[in-house]
Amino acid sequence: MEEQHNHQPAPELQPEMASATGGQLPGTLKLIDNGINTVRAKFGPLCISLVVAALGAFPFIVTMMFFAQSFESGISIPMIAAVAITFLLMMVVGILNNGAIVHLIAHRDQQYSYMDSLRWASRNIISIAWIGILTMLIVMTASLALIIPGIILSFYMAFSLPVLVKEGRTGLDALLRSTQLVYGAFWKIVWRFFVIIVLVTVLSIIVSFATSILFSVFGVPGEVISEFIGFLLQTVVGWVIIAAVIEMFEHRVAHKPVYDRANFGNLVLTYKIAAIVGLFVPFIVGGAILGTVMSIMSLDEPATYDGLIEQELNRQFETGSIEALEGFEDLSEEEQAAIRDFERQLELIAQ
């Protein structure tokens with residue numbers, strides 16, 4: 001996929017980075033307040049995204065229910081194909097829906113409907129997915145170094161999707177532009193992320209808890225309703241966080257309006273190598289987990305009659321005595337006598 005290059009006359013990036021002070025980001029409470037106002041203004045169109053997400057996930061959920069039941073009668077190839085197809089459908093709908101949500105919130109001052117934003121997402125679905133894949137691969141590679149570098153890089157790439165929505169940059173250019181915007185204000189952005197998530201989450205928990213108490217006081221069986229309200233509050237928290245991210249992005253763009261990939265030097269190559277290595281990370285991690293599991297499974301298990309018979313066959317009397325087998329003394333007298341009889345039979349065969 002061809003990536004967009006936006007070359008503009010600009011000073012060298014490194015001097016700019018060295019002198020960056022981070023600009024004047026809005027305060028945390030201001031970001032929360034603005035985020036809540038944005039969600040309130042776009043609440044109707046945003047609620048449509050919930051319906052779209054449910055419709056996208058429903059076929060997969062139903063298919064998985066049938067798949068779980070099919071274990072008793074055997075798993076068929078058509079069933080596996082159905083699971084794969086419905087999972088792919090859910091992923092595509094998720095990509096389109098997330099792209100539409102970010103586009104809708106990013107244009108909070110314009111009269112965009114959810115369908116307008118969904119059409120934009122459908123035109124840019126490959127770019128949205130590509131940014132997500134690149135981010136995941138690079139962060140996974142960085143996470144190999146004791147996880148913390150991966151967490152740090154995920155913050156540097158937090159503006160990647162807003163970069164696509166607002167500036168039209170795709171692929172690696174979106175990641176580099178996000179890195180440029182975060183640089184110089186990293187700790188300010190991290191702090192705001194942390195405080196916003198904590199405050200808004202605590203607020204949603206309080207509202208959900210208060211709702212549960214209210215239902216119980218009036219004797220209303222509100223477990224399902226309470227769970228739905230909790231889910232809705234968590235979703236709204238996500239929307240508020242997206243709105244805060246976009247507002248921080250806009251302030252950073254005002255502070256660093258110029259972008260040119262040519263000024264990034266070795267960072268471009270570093271990101272490319274990290275993305276390539278990221279392709280192998282699942283195999284590396286999976287191999288390590290599998291090796292650990294196999295190691296644990298290979299530990300000595302409690303001795304059993306069948307297990308000691310197998311040991312006797314494999315060792316071919318290398319122990320010199322049946323009593324030397326580990327766990328022999330834990331068996332019952334009948335089992336010990338049976339193994340001794342088995343040993344005598346093997347000795348007769350050997351003679």
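Data for the structure
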| read-out | value |
| --- | --- |
| Among GLY238, PRO282, PHE264 the positive-end extreme of the charge dipole of region 221-286 (Cβ point charges) | PHE264 |
| Nitroxide proxy distance, nm - points 7 Å out along Cα→Cβ at ILE213 and PHE342 | 6.5 |
| Relative exposure of LEU46, LEU25, judged by other C-beta atoms within 10 Å (fewest first) | LEU25, LEU46 |
| Residues GLN69 and PHE283, FRET efficiency given R0 of 30 Å [Cβ-Cβ distance, rounded to 0.05] | 0.40 |
| Eligible lysines near LYS42 by straight Cα distance, threshold 21 Å, same-chain separation 8 or greater | LYS30, LYS166 |
| Burial order of peptide ranges 114-121, 154-161 (average beta-carbon count within 10 Å, highest first) | 154-161, 114-121 |
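Where a number appears in this text, it was derived from the coordinates with a stated rule and is not lab data. Worth saying up front: this structure is predicted, and the values here are computed from it rather than measured. Please note: Cβ atoms are built from the backbone with ideal geometry, for glycine as well, and neighbour counts cover all protein chains shown.
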